[in-house]
Each structure stands twice: as structure tokens, then as C-alpha cells.
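These notes are about the structure you will find just below.
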Amino acid sequence: MTARLQRSIAAVLMAVLAGLSASGVSAAGPDPLAPGDRRDARVSPLAAATLAVADLDLARRFFGQALAMDCQAHRLTGRSAAVFRRHHGLPGAGPLELMWCARPGIEGAVRLRLIARGPDAPLSRPGHDARYPGGLSLGFPTTDNARLLARAEALGFRASAGLTRITLPRGDGTTYQVGEVHFLAPDGVYALGIDRGAMPPVGPIDPATGVGGPAYSGLMTRDIAAVGRLLEAVLGFEKRREVELESAGPEGGLSLPAGTRFAFQQWFAPGASTGYVILMQLYTQALAPVAPPPPDARGLAMWTFATADLRSTSRAARAAGIPILAGPAWVADGSGGRQRSLVLGTPEGFRIELVEAGTRP
């Protein structure tokens with residue numbers, strides 16, 4: 001595992017969507033996302049997210065220029081590329097072009113690993129339609145969404161509903177406001193700018209750019225209970241918020257049909273205040289997949305977490321009946337290093353990677 005990936009163990013979310021009403025149970029206290037259980041976590045907060053993309057230059061323009069991340073290109077060849085393809089379910093043969101995007105100097109920011117698949121690979125989420133299952137979103141803490149939107153639009157990117165504000169409940173019965181902007185990122189991914197105002201941000205923010213993260217990632221699933229069992233039984237994550245949401249219609253951030261209801265959960269590593277994940281399941285309007293799950297298709301393909309003991313994590317996965325898709329095995333990370341990696345699968349094929357912290361071949 002590289003030192004950069006070890007430093008990136010932390011990050012977050014806040015994707016309660018524009019134009020939504022909420023009901024359900026939130027954590028008590030003035031901040032429903034504040035750390036609760038202080039027991040030792042089995043794995044880190046979200047350390048990295050992997051995306052399969054059509055065009056690395058387009059991805060660099062969005063994540064590197066619009067969202068001010070530092071993006072570095074890499075190439076895997078020979079046996080390293082072949083092992084990487086086999087381990088991570090990538091079709092084809094030959095060299096692999098990749099890119100890592102990070103936020104140097106900002107602790108807790110999730111790193112992004114972008115894998116070039118080319119425009120001929122099918123898109124797992126056509127038209128950014130949130131009704132399809134699979135990886136959906138990335139969240140970026142911000143201080144000025146208007147400036148962020150202007151920068152993205154100048155580069156040719158757009159948001160689904162412009163600048164929005166929503167009112168959210170605290171566990172003590174009071175409310176607070178959140179400003180959001182939902183960017184239509186390349187390859188069917190939503191990238192959210194999240195300004196919590198007077199509340200603590202969902203992750204550290206670079207004062208020079210007014211943006212941090214990614215701080216979270218979201219997944220749309222048709223079996224939220226099964227994915228929740230994986231997060232709890234294998235990763236040891238805790239569920240801090242569970243609500244039901246209802247879309248106001250196409251003007252909302254995800255452009256869902258009016259009245260679409262869905263479950264919404266936020267999961268954290270114990271004691272963490274960032275690097276969390278969200279799960280969503282539609283009660284109505286859900287669509288069946290039209291392509292294999294990424295990285296076979298394009299889109300958000302995988303979450304990566306670090307663990308001190310990969311062997312015990314593997315035993316926990318087997319005991320919980322979680323499918324092991326690959327490993328444990330030594331695999332190139334795509335940035336010049338290698339790490340011992342285990343890949344688990346959700347019922348719909350979204351990939352959860354565990355890498356052993358601090359180990360080298």
C-alpha cells in the first residue's frame with residue numbers, strides 16, 4: 001500500500017438531494033453526522049474510489065481543473081497489467097492507462113483511480129439516470145458553490161439543477177440548511193458540491209480553492225439490507241443516519257420522477273467524521289441494469305478501504321456469506337506501488353476492495 005493511499009484514509013458525504021423531503025430516524029444531537037461509537041474500526045474510512053472512464057483527458061479536465069484535484073497519469077504493462085485486469089475484472093489484454101487524482105496536503109480526502117476503458121465500453125448509467133443500480137456519486141465539501149459552478153461551466157460541464165438549498169433535520173428536532181450543486185460528471189457519475197454553512201463540513205477543505213474531498217461516495221442498490229450487512233459485518237461500519245426521501249421531480253438534483261420514494265443511509269467507520277458512504281434504494285421507479293457492472297462497463301466501479309489484518313477480514317466475509325471476487329493477492333495499485341488486495345462483491349456486482357495497510361512484498 002502506498003504512503004499516499006495510507007494518508008488518504010478518511011473522507012465523506014452529505015448527498016441528501018435537492019428538492020427532497022425526508023422522514024425517518026437520524027442520529028441524536030446537534031450534528032447527525034458527528035462520530036458516535038468510539039470502538040476501534042476494523043477498516044479505514046473510504047480511502048479511494050475507482051472509476052472506469054471513456055476519456056482520461058476529459059476526466060482530468062473535470063476532476064483536475066473544475067474540482068481542483070492533482071491528477072497524475074500512469075501506465076501498467078506486462079504481467080502487472082495482466083494481474084491487475086484479472087484481479088479487478090477488466091476485460092481485454094495489454095497495457096492499461098490509468099490516472100490517480102488526489103488533493104495533496106489535505107488530510108482525509110478520498111483518492112480517485114481512473115481507468116481508461118474507451119468510448120466503446122458500455123455506460124452503466126445512461127444519461128445519468130439515477131434509477132439504475134450501481135455506483136452513483138462522489139461528494140466534495142465546499143465553501144462557495146457559486147464559484148465552483150462558474151469554474152465548471154467555463155470548462156463545459158453543467159449541473160443538473162443549478163445551485164440548490166435544502167433544509168435537513170437534526171436528531172434534537174432542530175434543522176439546518178445545506179447548499180448543494182449536482183454536477184453531471186463524465187461517465188454517468190454525479191459529483192456533488194456540499195456547503196453545510198455553519199455546520200462542520202463533511203471533510204477538510206482547501207482554503208485556496210474552496211473545495212476539498214472527495215469526502216464520500218454513494219451507491220444505488222436494489223438490496224440495501226444485503227449491502228448494509230457487508231458494511232457492518234465485514235467492515236465494522238456504523239449507520240448514523242437512516243431516512244426515507246421523496247423526490248420533488250425533475251428539478252431535483254438527481255432528476256428523479258416526482259414522488260419517487262427511496263431509502264437513504266449514511267455509514268461511517270467508528271469514530272470517523274469523514275470518508276463515509278451512502279446507500280440508497282428506490283421503492284418505486286427502479287430500473288434493471290442495461291450493462292455489466294463497472295469496470296466491465298463505464299462508471300463508478302469500486303470503493304477501497306484499508307485494514308490492518310486482511311486475513312481476519314477475509315474470514316469475516318466468508319462467515320457473513322459475502323462473495324469474494326478476487327484475492328487476497330499482491331496487485332499493482334496503478335501508481336507505481338503494489339498492495340495486498342481482497343475484492344468483495346455486492347449482490348449486484350459493485351466491488352469493495354480491502355487492502356492491507358503497511359505491507360510490502
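The values are calculated or read from the model by the stated rules, or taken from the named source; none is laboratory data. These numbers come from a predicted model, not from an experiment. Here the Cβ positions follow ideal geometry from the backbone for every residue, glycine too, while neighbour counts run over all protein chains shown. For accessibility, only protein heavy atoms count, side chains too; no ligands or nucleic acids. Shrake-Rupley method; radii C 1.70, N 1.55, O 1.52, S 1.80 Å.
By how many nm would the segment from SER312 to GLN285 lengthen if fully extended, with 0.36 nm per residue of separation less the alpha-carbon distance? Could you put the intermediate results ahead of the total?
Values: separation 27, 0.36 × 27 = 9.72 nm, distance 3.90 nm.
That pair, SER312 and GLN285, stretches by 5.8 nm at full extension.
Express as a percent, rounded to the nearest 5, the fraction of DSSP beta bridges in the chain (both residues included) that run antiparallel.
Here the antiparallel bridges make up roughly 75 percent for the chain.
Given a 1.4 Å probe and every protein chain left where it sits, what share in percent of the accessible area of the chain is carbon and sulfur?
51
Give me the accessible area per residue for segment 203-361, probe 1.4 Å, as a whole number in Å².
So segment 203-361 comes to 33 Å² accessible per residue, rounded to a whole number.
Please state the relative contact order of segment 117-239 as a whole percent: Cα pairs under 8 Å, 6+ residues apart?
Computed over segment 117-239, the figure is 33 percent.
Given contacts defined as C-alpha pairs under 8 Å and at least six residues apart, what's the relative contact order of the chain, whole-number percent?
27
Using per-residue counts of other Cβ atoms within 10 Å, averaged over each peptide, order 286-292, 42-48, 87-93 from highest down.
42-48, 87-93, 286-292
On a full-extension model of 0.36 nm per residue, what is the gain between ASP55 and GLU244, subtracting their alpha-carbon distance, rounded to one decimal in nm?
Fully extending the segment from ASP55 to GLU244 adds 64.4 nm.
Using label points projected 7 Å from each Cα along Cα→Cβ, tell me how many nm separate THR167 and ALA226, to one decimal.
3.9
Rolling a 1.4 angstrom probe over the protein heavy atoms, how many square angstrom per residue are accessible across segment 137-177?
On a per-residue basis, 48 Å².
Quick check: residue separation of ILE324 and ARG158 times 0.36 nm, minus the Cα distance between them. What number comes out in nm? Write out the running numbers ahead of the final one.
On the way: separation 166, 0.36 × 166 = 59.76 nm, distance 3.79 nm.
Taking ILE324 through ARG158 to full extension adds about 56.0 nm, to one decimal.
Per the Kirkwood definition applied to all pairs of different Cα atoms, how many angstroms is the hydrodynamic radius of the chain?
20.0
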